[in-house]
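Okay, so here's the structure we're looking at.
The values are calculated or read from the model by the stated rules, or taken from the named source; none is laboratory data. Small disclaimer: the values here were computed from a predicted structure and weren't measured. Note that each Cβ is placed from the backbone with ideal geometry, even for glycine, and that neighbours are counted across all protein chains shown. All accessible areas refer to the heavy atoms of the entire protein, side chains included, with ligands and DNA or RNA removed. Shrake-Rupley method; radii C 1.70, N 1.55, O 1.52, S 1.80 Å.
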Amino acid sequence: MSEVVLALRGVRKRFKDHEVLTGVSLALSRHEVVCLIGASGSGKSTLLRCANLLERIDGGDIELFGQSLLDPRIDPDRVRRHIAMVFQSFNLFPHLSVIDNILLGPVHALKRPRAEVRAEAMELLERIGLAARAQDYPDRLSGGQQQRVAIVRSLAMRPSLLLLDEVTSALDPTLVGEVLDLLTDLARQGTTMLVATHEMGFARDVAHRVAFLESGRVIEEGPAREVLDHPREPATRAFLERVR
Amino acid sequence: MSSAIDGEPVPPDLFASRRRRLLAGRGGLVASTVSGVVVIGGLAAVFWLAPGGATVRYFFFNPHFMWQAFVGDPSKGFYSVGLGLLTNLWIFAVAEALVLVCGMLIASARLSQSPVLFPFRLLSTAYTDVFRGIPILLVILMIGFGLPELNLGYISNQSPAVYGCAALVVSYSAYVAEVYRAGVLSIPHGQLLASRSLGLSHGATMRRVILPQAVRTVIPPLLNDLISLQKDTALVSVLGAIETTRAAQIYSSTVFNFSGYAVAAILFLLLTIPMTRFTDHLIARDRARRLAGA
């Protein structure tokens, strides 16, 4: 039986007088990959940030392994140690070398011994073929390499869940492939992922389910191929025609 | 007939003008030398040939009086302008260290987010507003003449130089705090998000991600403020501390010659110019690094 990792129930979020999320409900099971699709401004990024408690929500509930994250006893820092996030603009730390970028979270948030984490980090870098660049600073790497390091940085936290916010949107088209390949590998290994993306090909091939967002709510969701190839809702159909 | 989009059938003149060619290469060096000699020589000539030029040279730049002021002669009632600089130097050294620390503390308080720290946030904001708004001279006068009147034992029994130093710390900490704060605010928000998403606390994020980057960007403006602090140690003279400026003042009113001021000015230049050059060097290096990154 698949265990529910993350559940959003009627989540609302407003900035000033603009309501970005108008009641989003979504559940994510272990080993599942769910893609969030929708136009820019439909609330995909906000939803991911809310799930990570980087934004305070104005209504609804978020549960991680059945535990409500709105409980006042919750420590957001502890929550975030289980939910890793990768950003559109990488956000690597420019003053730290590649290896120190990866070690920061495990060593200073999880308080794990440096040497132990270091060995793991080198293994992860080996997997993405960047072990030789461990001592380099991020500005020496290409966009695709930086984003792969950012993904490895989040994996080093051994998260239960990976949130990916349009991680290929800031990349040169020739570099998109290497990042998507890494994500495909992760999906095959059973990493639980919630992926906001404009890459419909990736969504179709890798995602188990797809959720279409418009005006801050999930308009349609279902098995990836079903939603992408035979959308039921007119809004989904219109969106898919525009991006095709 | 060719259409407009084909351009001119005959290539246009691609040569630079005669004047531009003359100024390029070796010609540029000649031009800059000539213009330098003309401008600087012109200014010197005005100074030298002005109707009162000889008087000014005698009263302000006379080598004999300058030397006399530099070494000083307490038996004749005036102090050494050169030795006075030692007072400026220790005031600067102590004030600098304290300003860098206090400024950081004030900036941290102002940037704090915890509700518990609200009063500190309020106080630090008020502090920077007040002490950036009051002329340093007034702060020096108020502390220098105010604290002794309080009869607070140890605190009220310090030398004028100590009060002056304290006043500089009070005033400059406000400026330096704002420099630090600007540096922190210049770090992209994504850095904070990335660090917090790794589960680091606000404090750890500040310490390990934001501040290391912010300090690097604020080094040039910080050095600017420190250069300014070096010069402003002269203001402590109003409290009667015998530092360079005060010594020059005493010299001029004893011997009736102002050459001591020139000595003081030269001494300050000897202090500040290396630091200005160093700051410019850092700014240039930073710029080069940014351009290389882009």
Close pairs (6 angstrom Cβ cut-off, 6 or more residues apart or separate chains): closer than 12 Å to A:GLU166 by Cβ in region A:28-55, among the polar types (S, T, N, Q) and open to solvent by less than 20 Å² (accessible area, probe 1.4 Å) anywhere: A:CYS35/A:THR197
Residue count for region B:191-246, restricted to those that are touching a Phe, Trp or Tyr at 6+ places or on another chain (Cβ under 9 Å) and among the acidic types (Asp, Glu): 2
Count - residues of region B:193-210 that are in a helix (DSSP H, G or I), at the interface with chain A (Cβ under 10 Å from one of its Cβ atoms) and open to solvent by 20 Å² or more (accessible area, probe 1.4 Å): 4
One residue from B:VAL94, B:VAL116 being surrounded by fewer than 17 Cβ atoms within 10 Å (Cβ to Cβ), of a type outside the set (S, T, N, Q), in contact with a Cys (Cβ under 8 Å, 6 or more places away or on another chain) and at negative phi: B:VAL94
Qualifying residue in region A:194-208 (condition: on the phi < 0 side of the Ramachandran plot, polar (S, T, N, Q) and assigned to a helix (DSSP H, G or I)): no
Subset of region A:164-183 [open to solvent by less than 30 Å² (accessible area, probe 1.4 Å), of a type in the set (Val, Ile, Thr) and part of a helix (DSSP H, G or I)]: A:VAL176, A:VAL179
Region B:155-192, subset within 14 Å of chain A (Cβ to nearest Cβ) and in a helix (DSSP H, G or I), residue most open to solvent (accessible area, probe 1.4 Å): B:HIS189
Elements of type helices (runs of 4 or more DSSP H) in region A:30-130, at least 1 residues being open to solvent by less than 60 Å² (accessible area, probe 1.4 Å) and away from chain B (no Cβ under 14 Å): A:44-51, A:98-104, A:114-127
Enumeration of residues in region B:239-294 that are in a loop (DSSP other than H, G, I, E, B) and free of Cβ contacts under 8 Å to residues at least 40 places away in the same chain: B:PHE256, B:ALA294
Among (1) out of contact with any helix residue (DSSP H, G or I) (no Cβ under 7 Å at 6 or more places or on another chain); (2) more than 14 Å from every other protein chain (Cβ to nearest Cβ); (3) open to solvent by 10 Å² or more (accessible area, probe 1.4 Å); (4) within 30 Å of A:ILE57 (Cβ to Cβ), the one test that A:ALA211 misses: (3)
Failed condition for A:ASP136, given (1) of a type in the set (D, E, K, R); (2) in a loop (DSSP other than H, G, I, E, B); (3) open to solvent by less than 30 Å² (accessible area, probe 1.4 Å): (3)
Flag if A:GLY190 is part of a helix (DSSP H, G or I), open to solvent by 10 Å² or more (accessible area, probe 1.4 Å) and not β-branched (Val, Ile, Thr): no
